[in-house]
Amino acid sequence: MNQTRNQNLPDFGDRYSANRTKDRLRREQQNKGHLPSDGQKSENPRDRNPGGGPRGGPGGSMMNNQGPSRSDRPWNTDSDNRQNNLRGSDRGGDPRNFSNNSNSDRSGSDNSAPNNLPPRFKKMILSQDGRLDSNDNGGHEVSLKPKTSSMIFKPKTPSSLPNSAKPLTNNQNILDPVPSLLPSGPALPPASGKVMQAPIFIEKKHNKTSQNSVSKKGTTREEVFAKVETILDALLSKESTNEALEQWKDASFPNAMTQTAVNHLYKVMLEKAKDKSNLDLVLAFVAQMAKDGVVNNVHCNEAFMKMLNSNSNNNFEDLAVVAASAIAEKIADFSEMAEQTKGTSFPVYFLALKKLLTDWSRERLQEAFDESEVKLLDLLPEAEKNESVLVKVLAEHELSFLMPLLSLKDDMESQLVSADATAFAAWIGDNVEAKYHGNPDFIMALFQVVFKHIVDKAKETSASETEDSNKAGRAVEAEKELLDKFRHVLKPFIADKPKLQLAAVYALQMSCNALFFPKGLLLRSFVNFYEMDIVDEHAFLQWKEDVNETYPGKGKALFQVNSWLTWLEEAESEEEEDEDEED
């Protein structure tokens, strides 16, 4: 009857169902007193409950320990078996019957037990020829151990192993690296004597902080100063520039310290300049170093600029000697020295010119200065930048011959005080050389002198009027009358000469700027010079577009005459249109 019950039980297709069935059968046998001995128990690990609790799986019963099994019930009929089969099908299991794997009551189920197993368990116990293995515990137990022919037990072939896992060949030494693992590089003999490729090592460079690196530290400023002072002391004691030059070369100043050495040389030189002979000797040494290429002009000019900036006691005389030596030895030219000394240090430039005058001839200095095209007026500070100050400075240094037109301006002003226009024109013809007649500087000087004379005389004439309105009107009329008298003096020098006419317009601007641009004065002057045909309209329009920072006051001048220049430009365009229509 147990065999029938076992065959009718559903098979849920897993090992938990099988374990549950064996537990139930074991309990039935215990109740009947047929519990097998320990030696008869199955040693299959799957028969044990690892959790120690009630056995069962999906579809298993949890009532195994609470009462008799369902198979012991007398009312358990075939209909119940069919319901169990249906429930097993609904739960995803196989409705086939299964048998227990107990060691007891095997007489009726030995032949049918393998057929009742799920397909995957059947496949596991099949032999290699496709038949059930009856020698494996009678075909009743399922073995999960892989077959000996499984790929799990097959060793990997040498082709699938990494190179490091392959066995060594007979001729290969264990000390030799694998050639395929080495990077490309020059071949070197290994320990075994074979020629193999040597590995490439990348060495990381570290900052050298050893004592050797500290001992190779560059020359300090103090060491440079000490060497320079030693060289100068030897120079002044032996008075030999050649020996001093060799000592400078032996000092081997680093390139980064050469400028520092030259700066200190100039500083010490000026400190020891109380004796003029010492200063001349050191300057000769500097000139010899520059010619020999030990130092260059940039080093000397930078050192000179530093001395100028640190000249707090206004020691212009010694600096002027250094500047004159630099110009004479072609360490710096007139333009470079003028750029360095303009502003508050302008006396150095004029003193240097005076020093050159004593060393050179007057003609040589005049020629060199004219070639440089230096504007001495630009050297003066902004507060003192006017020609009257420049005239005084040139006279103090006996350099008036460098700007003869500027001194000529003073002579023309003196002549206009006592002479009329005709006598003034005659004096110019007798005292001004013809080579200056076409010089823009002479034109500017001439127009400034005449314009100043006209304005001063007009003020004197209007001063006799008692009412202010009459004074202003009388001054305007006096300006026109006086300009008409000097018209024949001014026009011949600039007629049909655009460059000189532009210089004349700038002369009017400079004159009004010196007077701080009185209201309406520049506009009246432009109109009078234009109406009297002294200056053409093209010169005024060119002056409007010209950019020249040499002559101050251009912005204020344009503010006063801009409307009139616009009208002049429109009138000129209308005249050109009329001429085109007539043609």
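The values are calculated or read from the model by the stated rules, or taken from the named source; none is laboratory data. All values reported here derive from a predicted model rather than from experimental measurement. Don't worry about glycine lacking a Cβ; one is built from the backbone with ideal geometry, like all the others, and counts go over all protein chains shown.
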(message) Can you tell me which condition residue 564 does not meet? The list is (1) of a type in the set (A, V, I, L, M, F, W, C); (2) in contact with a helix residue (DSSP H, G or I) (Cβ under 8 Å, 6 or more places away or on another chain); (3) loosely packed, with under 13 Cβ neighbours inside 10 Å, and all the others hold.
(response) (3)
(request) Give, as residue ranges, the helices (runs of 4 or more DSSP H) completely inside segment 303-416 that count at least 2 residues that are under 24 Å from residue 549 (Cβ atoms) and among the aromatic types (Phe, Trp, Tyr). (result) 346-359
(request) May I ask you to list pairs of residues, at least six apart or on different chains, whose Cβ atoms are under 8 Å apart, with the first in segment 524-545 being over 19 Å from residue 512 (Cα atoms) and not assigned by TED's automatic domain parsing to the domain that holds residue 502 and the second being outside any loop (DSSP other than H, G, I, E, B) and aliphatic (A, V, I, L, M)? (result) none
(message) Show the residue pairs meeting these rules: Cβ distance below 6 Å; 6+ apart or different chains; first residue within segment 411-428 and within 17 Å of residue 451 (Cβ to Cβ); second residue of a type in the set (D, E, K, R).
(response) 421/485
(request) Identify, from the list 389, 393, 432, 374, the residue that is aliphatic (A, V, I, L, M) and loosely packed, with under 15 Cβ neighbours inside 10 Å. (result) 389
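Report yes if residue 545 is over 21 Å from residue 455 (Cα atoms) and either modelled with pLDDT under 95 or surrounded by fewer than 16 Cβ atoms within 10 Å (Cβ to Cβ) (or both), otherwise no.
Here the answer is yes, as residue 545 does meet what is asked.
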(request) Answer yes or no: is there a residue in segment 344-357 that is touching a residue at least 60 places away in the same chain (Cβ under 8 Å) and either of a type outside the set (Val, Ile, Thr) or farther than 29 Å from residue 267 by Cβ (or both). (result) no
(request) Could you grab me the full set of residues in segment 265-285 that are free of Cβ contacts under 8 Å to residues at least 12 places away in the same chain and small (Gly, Ala, Ser)? (result) 277
